[in-house]
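What follows is a single structure, written as structure tokens, with notes after it.
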Amino acid sequence: MDFGLAGKRALVCAASKGLGRACALALAEEGVDVTITARGQEALDVTAEAIRQATGAAVTAVAGDITTAEGREVALSACPSPDILINNAGGPPPGNFRDWDRDDWVGAVDANMITPILLIRSVVDGMIDRGFGRIVNITSGAVKAPIAILGLSNGARSGLTGFVAGVAREVAQHGVTINNLLPGQFETDRLVANFEATAKAAGTSAEEVRQSRQQANPTRRFGDPAEFGATCAFLCSRQAGYINGQNLLLDGGLYPGTF
Ligand code: NAP
């Protein structure tokens, strides 16, 4: 299937590793020119080169913290009028809400709600003028099935989800769609680091945590970031133009509801 994306421009935030990287690679495979960001220059440059080698696409790498005004400015200077925006950033830390003060909450809301909203604001009118745009926000399965120790994520990402639900209906008449992708457990550096932290707290091994989590999933495995990237590329395709304002859970069926 030709997704009709050749020659489009994408800004993919937080994309030197993991899910962001997978989205950038999948878009580049469709002939999209991608601008990728991350804080660490070294891994970012390695990823940019790997995507160029694998796809032949034009890849621009811009180092910066996307949750800061400066980071957003350099990203948007490198890719001022994207046809596709993939919003992503690191997630807030786990913990007990009794230990979080106002600064913790402001930090989470800033990174996982306000940052993507400001990026949407910066690019959406250009998309409207051009009559085509795709915005995909990487959020979390925790938006649909909250996890108590991820309270900062549950709260901040739900705020973004509510905002997107409204604005997606406003822009769709101009050929612009906005959707959220909700990852369950995908095998990224972040997930593996999480096994180690969980194992330490529970007095078990990271391998045991891995096995038990895999067994708990209907697929008996974790998601492959490439599967996530391919789903993202499809949501950005011409064919997906009637998918708008949705929250798509990619969790192997772990969420037990009928809908
Ligand atoms: P990951 O493997 O740790 O990769 C995170 C990427 O984002 C790296 O390239 C990192 O590079 C970059 N990054 C992090 N903070 C950034 C910032 N402030 N500005 C710019 N770049 C930044 O993580 P992941 O597993 O792909 O997770 C991506 C998002 O999905 C996170 O918000 C996570 O909470 C959420 N999520 C993931 C899963 C999962 O199973 N993997 C499940 C639910 C939700 P630098 O560190 O160099 O900046």
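The values are calculated or read from the model by the stated rules, or taken from the named source; none is laboratory data. None of these values were measured; they are calculated from a predicted model. Every residue, glycine among them, receives a Cβ derived from its backbone with ideal geometry; neighbour counts consider all protein chains shown. Calculation scope for accessible area: heavy atoms of the full protein, side chains included, ligands and nucleic acids excluded. Shrake-Rupley method; radii C 1.70, N 1.55, O 1.52, S 1.80 Å.
Just the residues that are open to solvent by 50 Å² or more (accessible area, probe 1.4 Å) and polar (S, T, N, Q), please, taken from segment 65-105.
Of everything in segment 65-105, those that are open to solvent by 50 Å² or more (accessible area, probe 1.4 Å) and polar (S, T, N, Q) turn out to be S77, N96.
Among the residues of segment 241-249, is any within 12 Å of the ligand (Cβ to nearest atom) and either touching an Asp or Glu at 6+ places or on another chain (Cβ under 6 Å) or in contact (Cβ under 8 Å) with a residue 40 or more places away in the chain (or both)?
Yes.
With respect to P93, determine if the residue is under 25 Å from A22 (Cβ atoms) and either at pLDDT 95 or above or of a type in the set (S, T, Y) (or both). No: the conditions fail for P93. Return yes or no: is V209 surrounded by fewer than 21 Cβ atoms within 10 Å (Cβ to Cβ) and of a type in the set (V, I, T)? Yes, satisfied.
Out of all the residues in segment 149-179, which are under 17 Å from S237 (Cβ atoms) and either in contact with a Phe, Trp or Tyr (Cβ under 6 Å, 6 or more places away or on another chain) or not aliphatic (A, V, I, L, M) (or both)? If the condition is that a residue be under 17 Å from S237 (Cβ atoms) and either in contact with a Phe, Trp or Tyr (Cβ under 6 Å, 6 or more places away or on another chain) or not aliphatic (A, V, I, L, M) (or both), then G175, T177, N179 are the ones that fit.
Scanning segment 219-259 for residues that are in a loop (DSSP other than H, G, I, E, B) and over 15 Å from the mean Cα position of the chain (by Cα) yields a count of 18.
Taking segment 12-40 as the search range and keeping residues that are more than 12 Å from the ligand (Cβ to nearest atom) and outside any loop (DSSP other than H, G, I, E, B), which one is nearest to C236 (Cα to Cα)? So that I can check it myself, show each step before the final result.
Taking segment 12-40 as the starting set, the residues that turn out to be more than 12 Å from the ligand (Cβ to nearest atom) are 25-35.
Of the ones still in play, those that are also outside any loop (DSSP other than H, G, I, E, B) are 25-29, 33-35.
Values: L25: 13, A26: 10, L27: 8, A28: 12, E29: 13, D33: 13, V34: 13, T35: 15 Å.
Looking at residues that are more than 12 Å from the ligand (Cβ to nearest atom) and outside any loop (DSSP other than H, G, I, E, B), I get L27.
Out of all the residues in segment 25-42, which are aliphatic (A, V, I, L, M) and more than 18 Å from A226 (Cβ to Cβ)? Within segment 25-42, A38 is the sole residue that qualifies.
Scanning segment 21-55 for residues that are touching a Lys or Arg at 6+ places or on another chain (Cβ under 7 Å) and within 13 Å of R9 (Cα to Cα), we see that the one that is least open to solvent (accessible area, probe 1.4 Å) is V32. Only one entry of R98, R157 meets the criterion of being of a type in the set (D, E, K, R), within 13 Å of the ligand (Cβ to nearest atom) and more than 16 Å from T37 (Cα to Cα), and that entry is R157. None of F259, F195 is of a type in the set (F, W, Y), without any contact (Cβ under 8 Å) to a residue 40 or more places away in the chain and open to solvent by less than 30 Å² (accessible area, probe 1.4 Å) except F195. More than 11 Å from the ligand (Cβ to nearest atom) and over 16 Å from N247 (Cα atoms), is that true of P80? So P80 fits the description; yes.
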